[in-house]
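Visitor: First, the structure itself, so that you have it in front of you.
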Amino acid sequence: MAQNFVLGHTFSHGVHPPEHKKGTRTEPIERLGFAPTLVVPLAQHIGAPAKAVVAKKQEVARGELIAEAGGFVSVPMHAPAAGTVTKIDLALIASGSMAPAVYIKVDPEASQEALEGEPFDIEAAAPGDLVGAVQQAGLVGLGGAAFPTHVKMTVPEGKTIDTVLANGCECEPYLTCDHRLMLEQKDELFAGLAIALKATGADRAIIGIEDNKQDALALLRDSVPHGLPIFVAPVKTKYPQGAEKMLIKALLNREVPSGGLPMDVNVACFNVSTLAQMAALLPKRQGLIERVVTVTGPGVRKPGNYLIPLGTPLQFILDHVGLTDDARQVILGGPMMGPSVSSLDVPTTKGVSGILALTQKELDDRPKQVYPCIKCGSCVEACPLYLNPSLLGALARKEEYEAMEQGYHLNDCFECASCTYVCPSNIPLVQYFRIAKSMNRERKAAKRK
Amino acid sequence: MSSEPLSVDILTSPHVKRPMSTNAIMRNVAVALAPVALFSIFAFGLSALLLLSVATISCVLTEWAVCRLSGKPNTVGDYSAAVTGLLLGLTLPPSFPLWMVAVGGAISIGLGKALFGGLGYNTFNPALVGRAFLQAAFPVAVTTWTPPFVQGRFLACIPSTLAFPFLKPTPVAEYIAAANIDAFTGATPLNLEGVTRLADPLDLFMGMTSGSTGETCAVLILLCGGYLLVRNMLDWRIPAGVLGSVFALSGVLHLINADTYPGPLFMVFSGGLMLGAIFMATDMVTSPTTALGVWIFSILIGVITVVIRLKGSLPEGVMYAILLANAVTPLIETWTQPRVFGTTKKASSTS
Amino acid sequence: MAVLGIGLSSILALANKKLHIFEDPRIEQVDDLLPHANCGACGFPGCRAFAEELVAGDVTPGACPVSSSECVATIAGLLGIEAGAREKRVARLACAGGKNVTRMRANYAGLSTCRGASLVAGGGKGCPWGCLGLDDCMAACPFDAITMDENELPVVDEDKCTACGACVLACPKHLFSLHDVNHRLWVACMNNERGAAAKKQCEAACIGCGLCAKDAAEGLIEITGNLAQIDFGRIEAANMDAIQRCPTGAIVWLDKEQGPIIGAKAVEARQKAAAKAAEEAAAAAAAKQETA
């Protein structure tokens, strides 16, 4: 029924890690209760941290504004539960550092009802108003990058967007939250796409879904609302199909320029969860206070998709789902790119789409011995951006970090870890690249002084 | 507010790995070479067994000694030295004196690998470095051929095998005469090519001719290569490029002048080409990593092999062809770096 | 042959004359006197560049912390300029959290460098600000001035340190900074947590109690973000009074020979903690014995 604009269906290179999605993709989303204390970090997004507007001992309602945006590339924060603000203090966050956060002691009687604001007429609103409303809702990319959505929807002078892409790929192993969302909240997804189309002025929208989600493909194809230029397209299941550059290449055969943005090829790409939340929050001017997270892994007793309020400490979530005795490592997100956490006190934030618990067995299965690079070329064949990871790795060993950036496109690398996944010599390539990028940032900061 | 945490491990992503490791690759290459080695022992007897053993032991010992002396951790466990030893043995004639084999093994690892920095840093295929050294140092011994399937080959060595170090090895002429094989003159099919059309390609294919220990049975080499291909440890493009270009170039020349130039099938199945194309040229460390580079590399080997065989004074060209291509590999790699995603070719070129 | 030789050499001689770039010969002389560590501490890219700047008169030889005083004087004499102010500066580490006083929160496995570890959930140390002890600074120092002590904490040799800044750049936790060597009062901590929470992360942490600020000269020490901070503009007024009542030993007096000296109270606290740890270890060993 839909006109097929899709070219290609896939991108070159990439890898095929085992999916591990069976345990959670058939379970409906379950709502998680409130933890006794919620810890809401003020910087849950790329850009300037939000600024707290509440004070100690202040009582807040669920959904009430607790921090306002700290600039254009910033979004506000809202209270995920009704309760009292106990302090605004440092909290341990996933990166291992301490950052300012609002601590809320949740009312024992707190209900799930969230504060509603003035009704917002989406039909009548101008694109600029829509973008402003999206910022006020505290919306960021829920696929993991946590980039403020309204910035993506702000089309600068001289640029146009002709296509909006909805990213339903979810290429990371283990994660199924987007899959469940597409099955359970398809109406919100379409409504969100309509908003995005209007705000960006695009002619059409394409929902890209990996072909391991046939049920979602079929359901969405059959449910596209009449009159909307929305098309549903399958893409080959491959990692990292869900990266926006790869999706744009697969669906439209356009390459985002090195160092550029999707806007440069007239595309705006949003995660399906972000779009669904957009439609859910805007009508009553509500704020983002909860999101679906896949809690899974061999170290979890009751894996599934849970609707979790922001700021919930990992310990609470894992107590609810049950950790096995041999659980040793907890990862936020998927196993290819997700960071390990050093403590279960760390709270969930807007960008956390998965919580993965791995056991001693997975740790033991990880090869320990590192061999020299045998120039097998597997990494060169795996890198979706056609970089040369073995050469970059050799330069990193010699600490030639500036050469990596200037001659060999280090900054194009988005750390998908396909190269490290395939390396038979177990060289920690992506860790070297992170070190290199960090050293280059330090050097630049030192020069500016 | 901090609860006593369970003992947590933190590691960098990715937290999953493809189950293929370097020493698994090396082990599989050794396993793939086993049938070839066994056939050679079957064809040439006790001498072949001793030859392969001494070559392997010499390489492994040299690597162990180098690691010990340099204070670095022992790398013998990655099996690459054993593979080098096996390959070196397979390229030598079965009558080759054992003491010379030992020297060759030490040179292969010492000069061909350790001097460059060990596994992953060498430019040249170590087995071929050893072979080239032996070719230069002991030219007579390395071109002394004996026939296969001699009676009594499992009970006694070929006389020159057990030669005393630094003394001239016992000539094999009597041995060959005693073997009593009709029309065998101690030359390989390639040697004879200019004189008479002796070898039938089918014989060459099935390993019924004389030659170096491992190069005779082409079908077995192909099958073993197939095993590695199926396990995704062999780049199919290199044997395809080498054999294809040999076939094409010799085919063209044969069409031009069928009397002077031998047929393409003969060229493909004779000598060490099969072994070289499938096990030597495909050595990952010494071949390029880029797609275009791999094709240029393999076609270069094929062309040089044909040229040396037909126009050079040596009967066998594969060894030098591979060594020359190895030398050019860094340059090929630099010139064939692919375009980076999101750039035009000029923008991504690096020098 | 001879004609060819004479011809070509004449061309060379002519070219040498015509294409000669005049360079002040003093640059070469000064360059020979410099230590050639090429560390960049003077602010210029290498000793040659520094020599050129000296001859141009834009800088004084005292700017090179690696040269000895005689060397500086010689260069000054050669160029007929002032030797220039020479305050010896050294690198100081704002952390006292060696493994004897700190606890780990998680086990890190991966590349054994501080920067690599800090990128993985901060490195797993109990204190998120603290030193990870994986030797990045020691490796970065071109003068071998940094060694690691038995508690895996870096120790700076004041004589060898030239304040070139390599360690400042290398440390991913930004714990190193450059200070006048005569400034002996030092807060060896960057922890912003308060009280018990800080102490739980590390026994040598600054808990923000403010006792040092009270005992020291007026305005010398300020507590900001639960951390004692010294106003280096008033450092002349610093003395050992400030460290006496510190309960954790976060504020120290850096003695040239003895290294960091902590106050009496902190010594007591550490002894108690060590005794407690020994007791617990013995109890654990005994429990293990029983179950075995």
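The values are calculated or read from the model by the stated rules, or taken from the named source; none is laboratory data. Just so it is clear, the model here is predicted, and its values are computed rather than measured. As a convention, Cβ positions derive from the backbone with ideal geometry for all residues, glycine included, and neighbour counts pool all protein chains shown.
Visitor: Give, as residue ranges, the helices (runs of 4 or more DSSP H) completely inside region C:1-76 that count at least 3 residues that are surrounded by 10 or more Cβ atoms within 10 Å (Cβ to Cβ) and of a type in the set (Lys, Arg).
Guide: By residue number, no helices (runs of 4 or more DSSP H) qualify.
Visitor: Pull up region A:247-263, narrow it to residues that are facing another protein chain (nearest Cβ under 9 Å) and touching a residue at least 40 places away in the same chain (Cβ under 8 Å), then point me to the one that is nearest to A:ALA145 (Cα to Cα).
Guide: Among residues in region A:247-263 that are facing another protein chain (nearest Cβ under 9 Å) and touching a residue at least 40 places away in the same chain (Cβ under 8 Å), the one nearest to A:ALA145 (Cα to Cα) is A:GLY259.
Visitor: Could you count how many residues in region B:267-295 are under 28 Å from B:MET26 (Cα atoms) and more than 14 Å from every other protein chain (Cβ to nearest Cβ)?
Guide: Qualifying residue count for the region: 13.
Visitor: Just to be sure before I move on: is B:SER250 outside the structural domain of B:ARG131 (by TED's automatic domain parsing), at pLDDT below 80, small (Gly, Ala, Ser) and out of contact with any strand residue (DSSP E or B) (no Cβ under 7 Å at 6 or more places or on another chain) in the structure I sent?
Guide: So B:SER250 does not fit the description; no.
Visitor: Residues that are of a type in the set (D, E, K, R): find the helices (runs of 4 or more DSSP H) completely inside region C:126-226 holding 2 or more of those.
Guide: Answer list for region C:126-226: C:195-201, C:211-215.
Visitor: Turning to a different aspect of this structure: Tell me which residues, restricted to region A:347-359, are at the interface with another protein chain (Cβ under 9 Å from one of its Cβ atoms) and either more than 22 Å from C:LEU111 (Cβ to Cβ) or within 17 Å of the chain's Cα centre (by Cα) (or both).
Guide: Listed by number, the list holds a single entry, A:LEU356.
Visitor: Same structure again: Any idea which residue in region A:429-449 is surrounded by the most Cβ atoms within 10 Å (Cβ to Cβ), counting only those that are within 14 Å of chain B (Cβ to nearest Cβ) and touching a residue at least 24 places away in the same chain (Cβ under 8 Å)?
Guide: Among residues in region A:429-449 that are within 14 Å of chain B (Cβ to nearest Cβ) and touching a residue at least 24 places away in the same chain (Cβ under 8 Å), the one surrounded by the most Cβ atoms within 10 Å (Cβ to Cβ) is A:LEU429.
Visitor: Could you tell me which residue of region A:406-428 is surrounded by the most Cβ atoms within 10 Å (Cβ to Cβ), considering only residues that are more than 7 Å from every other protein chain (Cβ to nearest Cβ) and farther than 22 Å from A:GLU244 by Cα?
Guide: Residue satisfying both the conditions and the ranking: A:CYS423.
Visitor: Go through region C:227-242 residue by residue and tally those that are more than 29 Å from C:MET104 (Cα to Cα), among the polar types (S, T, N, Q) and not in a loop (DSSP other than H, G, I, E, B).
Guide: Number satisfying all stated conditions: 0.
Visitor: Evaluate region A:114-131: report whether one residue or more is assigned to a strand (DSSP E or B) and surrounded by 14 or more Cβ atoms within 10 Å (Cβ to Cβ).
Guide: Checking region A:114-131: not a single residue is assigned to a strand (DSSP E or B) and surrounded by 14 or more Cβ atoms within 10 Å (Cβ to Cβ).
Visitor: Also, quick follow-up: State the number of residues belonging to region A:311-331 that are part of a strand (DSSP E or B) and farther than 24 Å from A:ARG62 by Cβ.
Guide: Here the count works out to 6.
Visitor: From the list C:CYS114, C:CYS131, which one is away from chain A (no Cβ under 12 Å) and either at pLDDT 95 or above or under 19 Å from the mean Cα position of the chain (by Cα) (or both)?
Guide: Answer to the check: C:CYS131.
Visitor: Can you confirm whether A:ARG31 is charged (D, E, K, R) and in contact with a Leu (Cβ under 7 Å, 6 or more places away or on another chain)?
Guide: In short, yes.
Visitor: So which of B:PRO264, B:PRO239 ends up being more than 14 Å from chain A (Cβ to nearest Cβ) and more than 30 Å from A:VAL422 (Cβ to Cβ)?
Guide: Just one listed residue meets the conditions, B:PRO264.
Visitor: For the list (1) farther than 19 Å from A:TYR432 by Cα; (2) more than 10 Å from chain B (Cβ to nearest Cβ), I need the number of the one condition that A:ARG397 fails.
Guide: (1)
Visitor: Now for a different question. Given the criteria within 11 Å of chain B (Cβ to nearest Cβ) and in contact (Cβ under 8 Å) with a residue 60 or more places away in the chain, does A:LEU344 qualify?
Guide: no
Visitor: Now, a different point. If you go through region C:8-45, how many residues are small (Gly, Ala, Ser) and modelled with pLDDT of 85 or more?
Guide: Adding up the residues that qualify gives 4.
Visitor: I'd like to check something: does region A:192-212 contain any residue that is within 14 Å of chain B (Cβ to nearest Cβ), closer than 19 Å to A:GLY351 by Cβ and under 18 Å from the mean Cα position of the chain (by Cα)?
Guide: no
Visitor: Further question: I want to confirm something. Restricting to region C:136-162 and keeping residues that are charged (D, E, K, R) and away from chain A (no Cβ under 14 Å), which single residue is surrounded by the most Cβ atoms within 10 Å (Cβ to Cβ)?
Guide: Here the answer is C:GLU152.
Visitor: Would it be correct to say that B:GLY77 is assigned by TED's automatic domain parsing to the domain that holds B:PHE164, surrounded by fewer than 24 Cβ atoms within 10 Å (Cβ to Cβ) and in a loop (DSSP other than H, G, I, E, B)?
Guide: When the stated conditions are applied, B:GLY77 does not pass them.
Visitor: Of the residues that make up region B:191-203, is at least one in a loop (DSSP other than H, G, I, E, B) and at pLDDT 80 or above?
Guide: no
Visitor: Of the numbered conditions (1) in a loop (DSSP other than H, G, I, E, B); (2) within 14 Å of chain C (Cβ to nearest Cβ); (3) surrounded by fewer than 24 Cβ atoms within 10 Å (Cβ to Cβ); (4) over 19 Å from the mean Cα position of the chain (by Cα), A:GLU362 satisfies every one except a single condition; which is it?
Guide: (1)
Visitor: Moving on. Which condition does A:VAL267 not pass, out of (1) touching a residue at least 40 places away in the same chain (Cβ under 8 Å); (2) out of contact with any helix residue (DSSP H, G or I) (no Cβ under 7 Å at 6 or more places or on another chain), if it passes all the others?
Guide: Answer for A:VAL267: the failing condition is (2).
Visitor: Let me ask something additional. Just to verify a result, which residue in region A:109-161, among those that are polar (S, T, N, Q) and modelled with pLDDT of 90 or more, is nearest to A:GLY338 (Cα to Cα)?
Guide: Ranking the qualifying residues of region A:109-161, first place goes to A:THR149.
Visitor: I'd like to know if region C:91-105 contains one or more residues that are part of a helix (DSSP H, G or I), closer than 24 Å to C:LEU227 by Cβ, in contact with a strand residue (DSSP E or B) (Cβ under 9 Å, 6 or more places away or on another chain) and of a type outside the set (Lys, Arg).
Guide: no
Visitor: For region B:283-316, give me each residue that is assigned to a loop (DSSP other than H, G, I, E, B) and under 16 Å from B:PHE124 (Cβ atoms).
Guide: B:ASP283, B:SER287, B:PRO288
Visitor: For a quick check of your reading of the model, give me the residue pairs whose first member lies in region B:123-143 and is closer than 17 Å to B:PRO94 by Cβ, whose second is part of a loop (DSSP other than H, G, I, E, B) and of a type in the set (Val, Ile, Thr), with beta-carbon atoms closer than 6 Å and at least 6 apart or on different chains.
Guide: Hits for this filter: B:ARG131/B:THR91.
Visitor: Just one of the numbered conditions (1) more than 14 Å from chain C (Cβ to nearest Cβ); (2) under 22 Å from A:ALA216 (Cα atoms) is not true of A:GLY333; which one?
Guide: Checking A:GLY333 against (1) more than 14 Å from chain C (Cβ to nearest Cβ); (2) under 22 Å from A:ALA216 (Cα atoms), the one that fails is (1).
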